[in-house]
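Below is one structure, written out as structure tokens; the observations come after it.
The values are calculated or read from the model by the stated rules, or taken from the named source; none is laboratory data. Source: prediction; values computed, not measured. Neighbour counts are summed over all protein chains in view; Cβ atoms, including those assigned to glycine, are modelled from backbone coordinates with ideal geometry.
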Amino acid sequence: MPGSPWLLQSHTMATPEMPTEPRALAEIAADARAAAVRFETLLTDTVAGREAVAEARVATPAGSSRPPFRTRVSLSRSRSRLPEATRADFERWFLLERVATFQPAMSGLRLPPATLVDYRIHFERMLASALDGQRRHRPDDDALLKDIGLAEGRLVPAGSAVVGDARSRRNPRLLLGGGVRQLGRGLLLFGPRTRGFGPFLTLHWHGRGGRRFHRSLFTPSYLAAAEIVRANPALKGISGASWLLDPELALVSPSLAFVRELQEANGATLLRAVRQRRDAWGATATSRHRRRLVESGQYAPEVWVSVWPRAALLAWADRQLHAGYGSSANGSSSSP
Ligand SMILES: CC(C)(COP(=O)(O)OP(=O)(O)OC[C@H]1O[C@@H](n2cnc3c(N)ncnc32)[C@H](O)[C@@H]1OP(=O)(O)O)[C@@H](O)C(=O)NCCC(=O)NCCS
């Protein structure tokens with residue numbers, strides 16, 4: 001309901017861009033619950049809104065964690081019942097109900113204290129954003145799904161701009177993605193180094209963390225991820241899959257090559273993905289320069305997978321901490 005006066009009176013001092021010190025989880029949850037009730041009242045004023053809310057409640061009840069595809073399907077099916085103008089309110093309601101019912105135990109992980117603070121920072125941001133009357137519905141909103149994942153405990157924050165999925169495994173077919181050399185490196189990696197294909201904490205950039213993609217965010221994020229791995233002995237390390245890990249990127253967009261270089265220089269193994277999934281779309285999503293290179297046939301983005309095994313990751317984290325890096329996982333000083 002863009003423009004409603006009450007929407008502009010956020011209970012927090014936070015803004016979507018720059019959250020202040022987060023409040024206690026219980027306080028955030030209470031505000032989220034109150035705001036969710038207000039949105040529900042607005043939505044259920046119409047038959048279509050009542051149906052959408054009822055359907056979503058049955059298909060994906062708040063307070064439980066569902067596989068991401070189920071949440072995505074349920075969200076888009078219920079939302080599609082509504083006129084365009086009320087879809088953003090429906091998204092707010094859907095997310096706020098989850099923020100209100102979040103419990104740390106839903107993550108299934110032992111969470112370091114800094115991670116709990118990161119959750120609270122994200123929830124303050126979500127609350128401030130929901131109360132911002134300017135927000136518009138955006139179809140196929142990947143960032144919204146990541147926020148829902150955080151609020152359902154399926155995703156865990158690693159710093160302010162990266163989220164991790166601790167339930168993922170790598171497909172053994174990955175060994176076959178890059179010829180004999182990759183087979184050899186993969187056997188060494190998943191054999192003696194990780195002793196298995198998972199679970200890894202698989203990291204994703206979360207564009208709604210409020211900050212621009214920048215190298216200074218990555219060391220704090222990897223340190224935060226390392227502390228989650230340290231606290232959960234079952235995790236075999238961290239992993240990622242992206243066009244940002246493609247070695248070719250060093251020639252095409254050198255300013256983005258740090259993502260790969262930081263990991264590779266500190267014990268991660270990089271493997272070419274077997275199936276070039278849709279993830280490579282991101283390579284041309286924001287850059288005219290890369291789009292031109294693709295169109296002229298000079299660049300074919302590829303998805304690569306990184307695996308940073310537990311022992312190497314924790315050794316790197318210890319070196320950073322001993323060197324006096326970031327007493328705060330949310331800090332943004334120093335370069336990789
Ligand atoms: C990953 C991503 C966030 C990196 O964004 P980025 O830091 O802005 O880097 P990009 O190289 O994509 O820059 C995009 C444009 O912004 C401009 N730009 C980048 N940094 C800039 C800066 N500091 N100041 C001004 N302009 C800047 C560049 O000129 C570039 O355009 P060009 O390549 O045509 O010259 C972005 O590519 C993206 O959102 N991709 C789609 C989603 C995705 O793939 N996410 C990663 C999934 S693993």
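Tell me yes or no: at least one residue of the stretch 54-62 is in a helix (DSSP H, G or I), at pLDDT 85 or above and within 22 Å of S129 (Cα to Cα). Among the residues of the stretch 54-62, at least one is in a helix (DSSP H, G or I), at pLDDT 85 or above and within 22 Å of S129 (Cα to Cα), which makes the answer yes.
Residues that are within 12 Å of the ligand (Cβ to nearest atom) and within 24 Å of the chain's Cα centre (by Cα) do not occur anywhere in the stretch 164-187.
Do we find that A280 is part of a helix (DSSP H, G or I), small (G, A, S) and without any contact (Cβ under 8 Å) to a residue 40 or more places away in the chain in this structure? The answer is yes for A280. Starting from the stretch 20-34, take each residue that is over 20 Å from S160 (Cα atoms) and list its partners that are of a type in the set (V, I, T) and not in a helix (DSSP H, G or I), counting only C-beta distances under 8 angstrom and pairs at least six apart or across chains. The qualifying pairs are D31/T12. Filtered by the rule that a residue be among the hydroxyl-bearing types (S, T, Y) and surrounded by 19 or more Cβ atoms within 10 Å (Cβ to Cβ), the stretch 23-64 gives a lone residue, T60. Could you tell me which numbered condition K236 fails, if it satisfies all but one of (1) free of Cβ contacts under 8 Å to residues at least 60 places away in the same chain; (2) crowded, with 21+ Cβ neighbours inside 10 Å; (3) more than 10 Å from the ligand (Cβ to nearest atom)? Of (1) free of Cβ contacts under 8 Å to residues at least 60 places away in the same chain; (2) crowded, with 21+ Cβ neighbours inside 10 Å; (3) more than 10 Å from the ligand (Cβ to nearest atom), only one is false for K236: (1). Tell me yes or no: at least one residue of the stretch 277-293 is touching a Pro at 6+ places or on another chain (Cβ under 9 Å), exposed (fewer than 15 other Cβ atoms within 10 Å of the Cβ) and at pLDDT below 95. Yes: the stretch 277-293 contains one or more residues that are touching a Pro at 6+ places or on another chain (Cβ under 9 Å), exposed (fewer than 15 other Cβ atoms within 10 Å of the Cβ) and at pLDDT below 95. Within the stretch 216-233, the only residue that satisfies the criterion of being within 12 Å of the ligand (Cβ to nearest atom) and surrounded by fewer than 17 Cβ atoms within 10 Å (Cβ to Cβ) is S216.
Among the conditions (1) of a type in the set (A, V, I, L, M, F, W, C); (2) under 20 Å from A143 (Cα atoms); (3) not in a helix (DSSP H, G or I), the only one that L82 does not satisfy is (2). Determine whether G198 is more than 16 Å from the ligand (Cβ to nearest atom) and more than 21 Å from the chain's Cα centre (by Cα). Spelling it out, it is not the case that G198 is more than 16 Å from the ligand (Cβ to nearest atom) and more than 21 Å from the chain's Cα centre (by Cα). Tell me which residues, restricted to the stretch 270-288, are closer than 19 Å to V259 by Cα and near the ligand (Cβ under 8 Å from one of its atoms). The answer is D279, W281, G282, A283, A285, T286, S287.
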